[in-house]
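As structure tokens, the structure follows; a few thoughts come after it.
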Amino acid sequence: MDKINQNLGSWPTMPHSGLVLLATVGGLFVASKLFSYLRLVLGSFVLPGTNLRKYGKPGTWAVVTGASDGLGKEFAAQLAAKGFNLVLVSRTQSKLDALASEIQAKFAAKAPQVKTFPMDFSEDKDSDYDRLAELVKGLDVGILINNVGQSHSIPVSFLETPREELQNIITINCLGTLKVTQVIAPILKQRKRGLILTMGSFGGWTPTPYLATYSGSKAFLQQWSNALSSELADDNVDVQLILSHLVTTAMSKIRRASLLVPNARSFVKAALGKVGTGGYQTAPSTYTPWWSHAFMLWFIENIPGVNSPLTISINKGMHVDIRKRALRKAEREAKKQ
């Protein structure tokens with residue numbers, strides 16, 4: 001024991017200034033995490049987002065893509081409730097007509113104007129974008145909601161992904177979003193105020209095996225949106241990417257809402273009410289409007305890490321399990337026929 005004590009006593013000791021430096025660095029690190037957590041709590045439960053009136057008075061136009069179902073339909077309805085006129089863009093004219101009639105009847109007191117534009121984003125026709133530009137020409141557009149998107153029918157390995165599905169995901173999610181933005185953003189830039197909201201996904205925020213193509217497309221939108229936000233900031237145009245985990249929509253195939261899975265109405269209400277409240281997140285110009293999604297994001301970013309092997313492994317296991325259950329369900333349904 002005496003020999004051990006002698007050896008310990010012979011070890012060099014850190015100067016007092018070094019200990020102070022380490023304590024200071026550690027204290028600053030802990031303080032930054034506490035401040036980040038405080039911003040998370042305040043943003044989720046206390047502080048409102050940017051008031052949409054910043055982008056235009058009642059009667060200003062909002063363009064919504066993927067408008068006829070799910071989140072797009074909710075964005076359209078809730079924007080109409082706030083006094084915005086609407087340009088609804090989606091694939092099926094009959095659904096667009098039904099939605100336009102529904103909105104005009106429901107919000108008759110606000111007398112919203114609604115224009116519809118049928119467009120199949122998977123076809124990637126330049127003529128469609130030209131006709132959309134002609135439709136919005138002269139309109140005082142203040143908001144663009146980039147909601148159109150497609151995922152895989154079920155989780156699938158990249159090597160087994162059908163070529164048509166792969167092509168459609170990239171064409172719709174990436175090219176469709178970029179080209180619509182090139183049509184609408186010049187209007188916002190010219191009027192020196194506007195808002196561009198693009199639907200992101202946890203699937204692009206962290207690598208998601210068995211949704212590899214979809215994950216890549218949403219990661220692309222994350223970086224593109226960040227860059228566009230900086231480009232348009234001098235023109236007073238706000239660009240934000242909305243991060244979402246699961247929501248009860250046709251894309252997620254989840255019907256029942258829960259603590260972690262809001263319905264479309266609740267999610268969109270949060271998305272429109274919490275614009276710009278994502279200062280606690282790693283990615284700039286990004287926010288996670290649904291509170292339980294936000295807390296999940298904060299934990300992953302600050303504990304295991306978004307790109308950590310543990311996070312990716314858990315993500316992989318979850319989607320492998322979803323694929324197995326989907327295949328078993330398909331087998332049961334095939335036997336019934």
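Results for (1) under 22 Å from the mean Cα position of the chain (by Cα); (2) assigned to a helix (DSSP H, G or I); (3) over 14 Å from Lys253 (Cβ atoms); (4) not β-branched (Val, Ile, Thr), shown as yes or no for each residue.
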position: Phe299; (1), (2), (3), (4): yes, yes, yes, yes
position: Asn307; (1), (2), (3), (4): yes, no, yes, yes
position: Ser313; (1), (2), (3), (4): no, yes, yes, yes
position: His319; (1), (2), (3), (4): yes, yes, no, yes
position: Arg325; (1), (2), (3), (4): no, yes, no, yes
position: Arg328; (1), (2), (3), (4): no, yes, yes, yes
position: Ala334; (1), (2), (3), (4): no, yes, yes, yes
Within region 15-44, which residues are open to solvent by 100 Å² or more (accessible area, probe 1.4 Å) and either at pLDDT below 90 or touching a helix residue (DSSP H, G or I) at 6+ places or on another chain (Cβ under 7 Å) (or both)?
His16, Leu21, Leu22, Leu28, Phe29
Cβ pairs under 6 Å, 6+ apart, first in region 80-97 and at pLDDT below 95, second open to solvent by 40 Å² or more (accessible area, probe 1.4 Å):
none
Scanning region 125-155 for residues that are open to solvent by 50 Å² or more (accessible area, probe 1.4 Å) and of a type in the set (Asp, Glu), which turns out nearest to Lys253 (Cα to Cα)?
Asp126
Among Leu159, Leu188, Leu86, Leu79, which is farther than 29 Å from Asn263 by Cα and either among the polar types (S, T, N, Q) or touching a strand residue (DSSP E or B) at 6+ places or on another chain (Cβ under 6 Å) (or both)?
Leu188
Please give the number of the condition Gln240 fails out of (1) assigned to a helix (DSSP H, G or I); (2) open to solvent by 10 Å² or more (accessible area, probe 1.4 Å); (3) of a type in the set (S, T, N, Q).
(1)
Taking region 157-179 on its own, how many of its residues are in contact with an Asp or Glu (Cβ under 8 Å, 6 or more places away or on another chain), crowded, with 16+ Cβ neighbours inside 10 Å and over 18 Å from Ala67 (Cβ atoms)?
1
Picking from Leu144, Leu166, which residue would you name as being in contact (Cβ under 8 Å) with a residue 40 or more places away in the chain, in contact with a strand residue (DSSP E or B) (Cβ under 6 Å, 6 or more places away or on another chain) and within 30 Å of Ala212 (Cα to Cα)?
Leu144
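Pull up region 77-92, narrow it to residues that are more than 18 Å from the chain's Cα centre (by Cα) and over 19 Å from Leu139 (Cβ atoms), then point me to the one that is most open to solvent (accessible area, probe 1.4 Å). Walk me through how you get there before you give the answer.
Going through region 77-92, the residues more than 18 Å from the chain's Cα centre (by Cα) turn out to be 77, 80-92.
From what's left, over 19 Å from Leu139 (Cβ atoms): 77, 81, 91-92.
Working: Ala77: 21, Ala81: 40, Arg91: 162, Thr92: 49 Å².
The extreme case among them is Arg91.
Looking only at region 249-295, count how many residues are part of a helix (DSSP H, G or I) and open to solvent by less than 50 Å² (accessible area, probe 1.4 Å).
Qualifying residue count, region 249-295: 11.
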So, in region 217-228, how many residues would count as being touching a residue at least 40 places away in the same chain (Cβ under 8 Å), of a type in the set (Gly, Ala, Ser) and either under 19 Å from Val156 (Cα atoms) or open to solvent by 20 Å² or more (accessible area, probe 1.4 Å) (or both)?
1
Give me the residue from region 53-76 that is assigned to a helix (DSSP H, G or I) and under 14 Å from Arg191 (Cβ atoms) and, out of that set, least open to solvent (accessible area, probe 1.4 Å).
Tyr55
For residues that are out of contact with any strand residue (DSSP E or B) (no Cβ under 6 Å at 6 or more places or on another chain) and open to solvent by 60 Å² or more (accessible area, probe 1.4 Å), scanning just region 109-124, find the one that is farthest from Leu178 (Cα to Cα).
Ala109
Please verify whether region 93-108 includes one or more residues that are surrounded by 11 or more Cβ atoms within 10 Å (Cβ to Cβ), over 21 Å from the mean Cα position of the chain (by Cα) and not in a helix (DSSP H, G or I).
yes
Residue count, region 180-195, condition surrounded by fewer than 17 Cβ atoms within 10 Å (Cβ to Cβ) and free of Cβ contacts under 8 Å to residues at least 60 places away in the same chain, comes to 5
Run Leu232 past the list (1) in a helix (DSSP H, G or I); (2) open to solvent by 80 Å² or more (accessible area, probe 1.4 Å); (3) not small (Gly, Ala, Ser) and report the number of the one that doesn't hold.
(2)
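The values are calculated or read from the model by the stated rules, or taken from the named source; none is laboratory data. Only a predicted model underlies this, so the values are computations on that prediction, with no experimental measurement involved. Backbone-built Cβ (ideal geometry, glycine too); neighbour counts: all protein chains shown. In case anyone asks, the SASA skips ligands and DNA or RNA and just uses the protein heavy atoms, side chains included. Shrake-Rupley method; radii C 1.70, N 1.55, O 1.52, S 1.80 Å.
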